[in-house]
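**Student:** This is the structure I want to talk about, given as structure tokens.
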Amino acid sequence: MKPATAQRWANLLILPTLNILTAFVVTTLVFLAIGVNPIDAAKLLVKGAFGYQNGIGYTLYYTTNFIFTGLAVAIAFHAGLFNIGGEGQAYIGGLGVGLVVLAFDGWLPAIILIPLAILAAALMGAAWAAIPAYLQAYRGSHIVITTIMFNFLASSLMVYLLVNVLGEKGQMSPETRSFAESSFLPTWSEMLGWFGIPFASSPLNISFLFALFCCFAVWVFLWKTRWGYELRTVGANPDAAIYAGINPKHIVMMAMLISGGLAGLVAVNELLGVQHRLLLGFNAGYGFGGIAVALMGRNHPVGIVLAALLFGALYQGGAELSFDMPNVTRDLVVVIQGLIILFSGALESMYRPQIQRFLSRFVKDEVSA
Amino acid sequence: MSEWFTLLISTLDATLRVSTPLLFAGLAGLYSERAGVVDIGLEGKMLVGAFAAAAIAHLTGVVWLGLIAAIIVSVLFSLLHGFASITHRGNQVVSGVAINILASGLTMVLGLAWFHQGGSTPSLTNNERFTAIQLPFAESMQTVPYIGPLYSDMLSGHNILVYLAFALVPLTWWVFYRTRFGLRLRAVGENPKAVDTAGISVATLRYQAVIIAGVLCGFAGAYLSTAQNAQFIRDMTAGQGFMALAALIFANWRPWPVLFACLLFGFLDAVAVRLQGVSLPHIGTVPVQLIESLPYILTVILLAGFLGKSRPPKADGIPYVKER
Amino acid sequence: MTAQHSKYALELRGITKRFGRVLANDHIDLQIKAGDVHGIIGENGAGKSTLMSIIYGFYEADSGEMLIQGQPMSIRNSQQAIAAGIGMVHQHFMLVDNFTALENIMLGAEGGARLKQSAEQARASLNELAKTYGLEVPLDTPVDQLSLGVQQRIEILKALYRKARILILDEPTGVLTPQEADDLFRILATLKADGVTILLITHKLREIMAITDCVSVMRHGKMVAHRVTAQTSMPELAELMVGRKVRQHVERKAQPAGAALLEVTNLSVTDASGVRRVKNVSFTIGAGEIVGLAGVSGNGQSELLQALSGIIRFQAGEVRLGDTTITPKRSKNPAQLRRLGLAHVPEDRHRMGLVLPFQAYQSQILGYQREARYNATITLKDKVMADEYAQRAETFDIRPRDPHLQSSNFSGGNQQKIVLAREIFADPQVLLIGQPTRGVDIGAIEFIHQHIMDMRNAGKAILLVSVELEEIMTLSDRIIVMCDGMITGELSHDEANEKNLGLLMANAGAKEASA
Amino acid sequence: MKKLLLSVVVGTCLPAFVLAADFKPAIVYDLGTKFDKSFNEGVSNGAKRFTEETKVEVQEFEPANDSQIEQAIRRMAQRGSNPIISVGFSQSKALETVSKEFPDTHFTIIDSVVDQPNVQSVTFREEQGSFLVGALAAMASKTGKVGFVGGQDIALIRKFACGYEQGAKYVNKDVKVFQNMTGSTGAAWNNPSKGGELAKSQFDQGADVVFAAAGGTGIGVYQAAKDNGKLAIGVDSNQNHLQPGTMLTSMVKRVDNAAYDTFKAQQEGSWKAGKVTLGLAEKGVGWAVDEHNEKMVEPYKAKMAEIEKAIIDGTIKVHDYMTDNTCKM
């Protein structure tokens, strides 16, 4: 094997696997600390996530959200940006869905209404990302900080709107009226029903396919188009980008608009697919989950689908776990999420020296200065 | 004395209480970031500190042990951050995010397993908390017009951690600008290579800085659960770590301005509480959400360069790589 | 044998250092006599700086032994080196910009935990040092407000304040004006008189001849020769540096310059910190002409190149490129300039010329990614790109030929060929070339020079910026010289020699050495 | 054959559990935690009482987010739980969906109305209970100023606030009522620091009795009351024991009874679908008197009884905020 190839495999496969394994080993320790048998828990978790149709439905439904936010984080990452604002962008994407559906669901047919709502989700998500992007590109404000701030601002804004403007009167919780059925996305069980295949009812809807399509589109965009080429150039070497006549400011804007738009699509799955109304906090946790997914998936669409599936399974299996193990709550999934971000992200290179040494034992070659 | 004055005093009194955790965390961030280590994880460290303080104070009945536990646990998380970002040169923002998420999950999982109260710790009695202390002459000063209430109602009657937080500001200034450690700390955040070639270990300095940050976050956490409140509750930091980060940026990474930024943000919070539903002349009712968002909006505006120039330490967030 | 040790201030035995797969220092042996000025010469990338960093404890050697004043020492960090009496002035100064000179000098040698007393003590002893060695610096001004010459003095003071008896200077004159360089040599002479051992790293032969007692030559990570300066000559040293006769021959056919393709008039560039880097520069390049731009690095050549290629904006003057006039108001970005027939080989291929994580065939369209032949409606035509790369790899002998290999996995020479091939194949009218052979092995140099000459012969206008006088003199039809942002003179190919170029580069007497 | 078998399994497994009719009660809690010392905990206490009496285990679940609610209810139904108590208004939409899928399962929803033939909807007249504690607060106040700290700013909490204000004004029409909501998101139920600050700001303005209808946030309010030597009123469950001497009383909402009664009724076969509204008359709401506050409220007991009677017989009409989203006095 050539050293370059060996290196690539190490980066692509061995390192990420070791990192995830470490995260799981630590998770096991946490299980032991709270007196839960980790093997039983793992069995239950897997069974809950994949053992029956309804469980699979939920797993894939969560996966859908994580794909969207994972892609959002990844595309910004390729442009050298760290978008922590997925949470807020998803939220404001929901505002787009809500406004469109509430305004038009009385008279527009589904075939027009749904695409319009999807577009609104993406546009509003993008708009919310546009401000930090502009400030980064043209005013040099650090995007990590501004997107954090914009998460809080999105939350305040949505609360204000839902409580004072959009909220349905006489309703307990601050949420809008239910959407008309013309805005509902077909669920998996409905769609399979058309072909005579029975599938248990679950929130899994057509958005999942849409998310997979987005993965493909992002892959084509990043690696097969000149815009993706320019975006990756800016991320990898901003000086080279300027040299190549690429305006990094435009790329920052473009990357963040796409990123925000993708994050906004969480609202499509959640609101058009499942909740059928605009409500508070439907975005909770997916923005930050997206960071873990992107890091774990090495910012590649295929990796992101796999990582999102893992997180979907953790969410669903974790919920299932708490049915049977009173000591286990959803918070354990949060812990696992944190550990994965830690080991796949911050401590990404922890094992690199060892692997390097291991490789050099087998792959010999020397280049002098 | 006018009602307005009384209201002002009570608002300022609240400002001091609300600013205290921000100040601890803001100073923590100051030490860390001036040494070149970005600290998004203030929130998480406060949270684990709060949990440890409440848990240990409850179990031992001694609040000081709770404080020590908070410091130890928070420092452990700091060391984790250091391990990732100093030893392994990982992405400091990612590490911070991980710490926040980990803290949020871990406090709940352990709290639930140990106390079976939905993640909260049992309520603390007054003996297990930091309670108000009266400054000397607070009673007798009460009657002096203006100065009296200012002293007895606003300055007096806080718990020891409040006074400590404010005392830390001049101390930090002194450390930064009058000691060898401060000189090195400021240098390592600007040009770590210069520090390295001067024969000082960059890693050791940065570890020292993040450990101090951990200690201060421990104080902030202990304040939340054993002084301001009397138990730990899920996610009780409620974004204050990020608010502290905003204050730090607003203060342009300098000690005294950190104090003023924290006081400003605390004041806004205190005002928001009092302004709720009140109709102001000419303006009408200001949405509370707007006032609550003000610190964030102000920080964004500052970052955008409309309120002067934000100048972070040059090496802030950049891992120090010695070899080429 | 053991008795002799004491006469060496510093002795290295078998020092080896590896960076990843690159062997930077290969079993280096070196002996430095106490009180000598000892020169180390070698081309860029020969491993000089790495070796010095090892001596200074900044890097730790993988193997080998070091003796200081005859005593074996293991130096693992700079602190130990400082304690052993070693001081170093780095090529890029190790100063904290917003600290004062005093704070910078004290850093790491404060004396006590509290600053105030130690600052007073430091001030007193620094004044003493300044008097002894003629090293006056303003102690209370932030260093970013001081000139590079003064910053260098601060660096020397830093070492002396730490009682250094062995002083290493890494390329000390690269950023200095000739006057500042003279000052430096005067200071070094004083230090030598005081018994300080000095290691001078440079790739400038003139300096070696002027000031050193002994000289060691490095090439490709190895120590290849040791000479007593008085017993060697510049040609011999040059040959030792590059490993064979340097004087290259590139076929030059007489060719009168054609119509002006690039006309620069009164161009001025001010950088972000408000310093004027290029001052009223005017020149013309005709078709079929190579104009060489010589100068000590840091005298505005880089800024001029970047302004001409559209990477940075210029603030005054105008540039005529063919029929197009470019002014500060009607500026053009690099993409627009490329469409106007301007190509640019940047000075630093890693920083600008390539995207290291990209595969070779992707790096090879950098700057041309929007050209129609690479683009289908939406996607890039990978096949066209890869085929084109294969063709260029053949023509330019880029090894390996694999278009899918990551750009970072090519050697420096081959990386440079990728960049050069890209810009030459674009078939520009005007070609800007910066440091075409920096860090490139000898074989490739000749190859690259030939291609540049071929472009000239094909009637292109070429601006060649290089710090290698040899290269400039070999290739250029005319040579213009820059100093302190201004053009100080112009020489024809036949007029130019190292002496008159050197005079122009120093712009003799025109500059003040003060801060 | 395989397909047939599968469909038989799928087809039979759901009703099979129900038909087995072994008695498996279940609760899906409101978002937030079971141990909120008020609403959820009330339901939990009811379940505990039932378990202690009958030795029947109650299956419980605490959902993490909105989508888990529907999942949890469905999962419970699939496992054959019956009846299933759905706690909190945020579950109404989920329950509406799931109840249609399991027509043979009995559901009880607390605090909301779901109009299905197999759902019992239990709501409370919080305004009546709040009126009572408002009256008590006004009586106990020496300054003529009382406070209210709400959790999330939603109609239900405004209903509490409105009833409280009416009660206070009934006793002393010059009374000043300070009202604060902790916030507008779900986090407002769990922010004791903010609760404490809000209470302190009301104390600073002269209030000496404060009523918190704010879930976990209330803990901070009571703590602040204790630290400042003021009085506080608890909510939902009897919270008098939390800070004895500080807690004037608690406005109890007998969700524990609602839960207990649901299970009991199911066990006895008397469970009925439809709307149940529990007010003072039904002892669904009220004010708590126990050993912790007996002495403090002694002077007001007679007057309170009088008001209680007046509300029950309709002499006092307490306006319900939620009927028109305004608080008419």
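**Student:** How far, in degrees from 0 to 90, does helix C:148-161 lean away from the longest principal axis of the Cα atoms of chain C, to the nearest 10?
**Tutor:** So the helix axis and the longest Cα principal axis differ by about 30 degrees.
**Student:** What do you reckon, how do A:Trp223, B:Trp4, A:Trp107 stack up by accessible area (1.4 Å probe), largest on top?
**Tutor:** From most accessible down to least: B:Trp4, A:Trp107, A:Trp223.
**Student:** Let me ask another. Please report the relative contact order for the stretch C:95-161, taking Cα pairs under 8 Å with a sequence separation of at least 6, and give it as a percent rounded to a whole number.
**Tutor:** That works out to 47 percent.
**Student:** List the relative contact order of chain B as a percent without decimals, with contacts defined as Cα pairs under 8 Å and 6+ residues apart.
**Tutor:** RCO, chain B: 34 percent.
**Student:** In terms of modelled amide H atoms, which long-range or inter-chain residues lie less than 5 Å from the amide H of C:Cys483?
**Tutor:** C:Thr488
**Student:** Quote the FRET efficiency, to the nearest 0.05, computed for B:Phe5 versus C:Arg339 with a Förster distance R0 of 56 Å and r equal to the Cβ-Cβ distance.
**Tutor:** 0.20
**Student:** Could you compute the net charge surrounding D:Thr97? Neighbours are other residues with a C-beta less than 14 Å from the C-beta of D:Thr97; K and R count +1, D and E count -1.
**Tutor:** It works out to a net charge of -2.
**Student:** If you average the C-alpha positions of the stretch A:314-338 and of the stretch B:19-41 separately, how far apart do those two centres end up, in angstrom?
**Tutor:** 32
**Student:** Where both residues lie in the protein assembly as shown, what percent of DSSP beta bridges are antiparallel, nearest 5?
**Tutor:** 40
**Student:** Need one value: the accessible area of D:Lys200 in square angstrom, 1.4 angstrom probe, rounded to the nearest 10.
**Tutor:** Taking all protein chains as shown, D:Lys200 has close to 30 Å².
**Student:** Using alpha-carbon positions, what is the distance between the centroids of the stretch B:121-176 and the stretch D:221-289, in Å?
**Tutor:** 38
**Student:** For every other residue with a beta carbon closer than 11 angstrom to the beta carbon of C:Thr327, add +1 if it is Lys or Arg and -1 if Asp or Glu, then tell me the sum.
**Tutor:** Counting the neighbours of C:Thr327, the net charge comes to +4.
**Student:** If ligands, DNA and RNA are left out, what is the accessible area of A:Phe31 with a 1.4 Å probe, given in Å² to the nearest 10?
**Tutor:** 20
**Student:** Between their Cα atoms, which of A:Lys169/D:Lys272; C:Lys7/C:Lys192; D:Lys173/D:Lys328; D:Lys145/D:Lys200; D:Lys93/D:Lys328 are more than 19 Å away from each other?
**Tutor:** A:Lys169/D:Lys272; D:Lys93/D:Lys328
**Student:** May I pose another question? Show B:Lys309, C:Lys460 ordered by accessible area, largest first, where the area counts protein heavy atoms only and the probe is 1.4 Å.
**Tutor:** B:Lys309, C:Lys460
**Student:** Next question. Could you tell me the accessible area of A:Glu168 in Å² (1.4 Å probe, neighbours in place), rounded to the nearest ten?
**Tutor:** Only protein atoms counted, so the area is about 80 Å².
**Student:** For the stretch A:10-20, what does the Karplus curve 6.51 cos²θ - 1.76 cosθ + 1.60, with θ = phi - 60°, yield as ³J(HN,Hα) per residue in whole Hz, taken in order and with x for Gly and Pro?
**Tutor:** For the stretch A:10-20, the Karplus-derived couplings read 4, 5, 7, 10, 5, 4, x, 5, 4, 4, 5 Hz, x marking Gly and Pro.
**Student:** Please give the Cα centre distance for the stretch A:230-291 versus the stretch C:52-115, rounded to the nearest Å.
**Tutor:** That distance is 46 Å.
**Student:** Moving on to the next point. Per-residue ellipticity at 222 nm for chain C, helices alone: DSSP H runs ≥ 4 residues times -39500 (n - 2.57), over residue total, nearest 500 deg cm²/dmol?
**Tutor:** Per the formula, -9500 deg cm²/dmol.
**Student:** Follow-up question, since we're still on this one. From largest accessible area down, sort B:Arg89, C:Arg339, A:Arg330, A:Arg139; use a 1.4 Å probe on the protein chains.
**Tutor:** C:Arg339, B:Arg89, A:Arg139, A:Arg330
**Student:** Still on this model: Classify the protein assembly as shown: rounded, prolate or oblate, from the alpha-carbon gyration tensor (a ≥ b ≥ c, eigenvalue square roots; a/c under 1.5 rounded; otherwise prolate if a/b is larger than b/c)?
**Tutor:** prolate
**Student:** If you take the beta carbon distance between C:His404 and D:Thr51 as r and set R0 to 56 Å, what does 1/(1 + (r/R0)^6) give as a FRET efficiency, to the nearest 0.05?
**Tutor:** In this case the efficiency is close to 0.25.
**Student:** Pick from B:Gly66, B:Gly308, B:Gly199: which is most flexible by mean-square fluctuation in a GNM of chain B where alpha carbon atoms under 10 Å apart are linked?
**Tutor:** Highest fluctuation of the listed residues: B:Gly199.
**Student:** Rounded, prolate or oblate: which one fits the stretch C:330-409, using the alpha carbon gyration tensor with axes a ≥ b ≥ c (rounded when a/c is under 1.5, else prolate when a/b beats b/c, else oblate)?
**Tutor:** Judged from the Cα gyration tensor, the stretch C:330-409 comes out oblate (a/c at least 1.5, b/c at or above a/b).
**Student:** Could you tell me how many degrees, from 0 to 90 and to the nearest 10, lie between the Cα long axis of helix D:39-54 and the main elongation axis, the longest principal axis, of the Cα atoms of chain D?
**Tutor:** The angle comes out at about 60 degrees.
**Student:** Further question on the same structure: Could you please report the charge total around D:Ala137, scoring K, R as +1 and D, E as -1 over all other residues with beta-carbon less than 12 angstrom from its beta-carbon?
**Tutor:** Taking every Cβ under 12 Å from that of D:Ala137, the sum is +3.
**Student:** Calculated FRET efficiency, D:Glu306 and D:Lys328, Cβ-Cβ r, R0 30 Å, to nearest 0.05?
**Tutor:** Efficiency for this residue pair is about 0.85.
**Student:** How high is the relative contact order of chain C, in percent, with contacts defined as C-alpha pairs under 8 Å that are six or more residues apart?
**Tutor:** Value for chain C: 15 percent.
**Student:** Could you give the angle, 0 to 90 degrees to the nearest 10, between helix D:192-204's Cα long axis and the longest principal axis of the Cα atoms of chain D?
**Tutor:** 20
The values are calculated or read from the model by the stated rules, or taken from the named source; none is laboratory data. Since the structure is predicted, the reported quantities are computational estimates derived from the model, not experimental observations. FYI the Cβ positions are ideal-geometry reconstructions off the backbone, even for glycines, and counts take in every protein chain you see. Note: accessible area is taken over every heavy atom of the protein model, side chains too, but ligands, DNA and RNA are not part of it. Shrake-Rupley method; radii C 1.70, N 1.55, O 1.52, S 1.80 Å.
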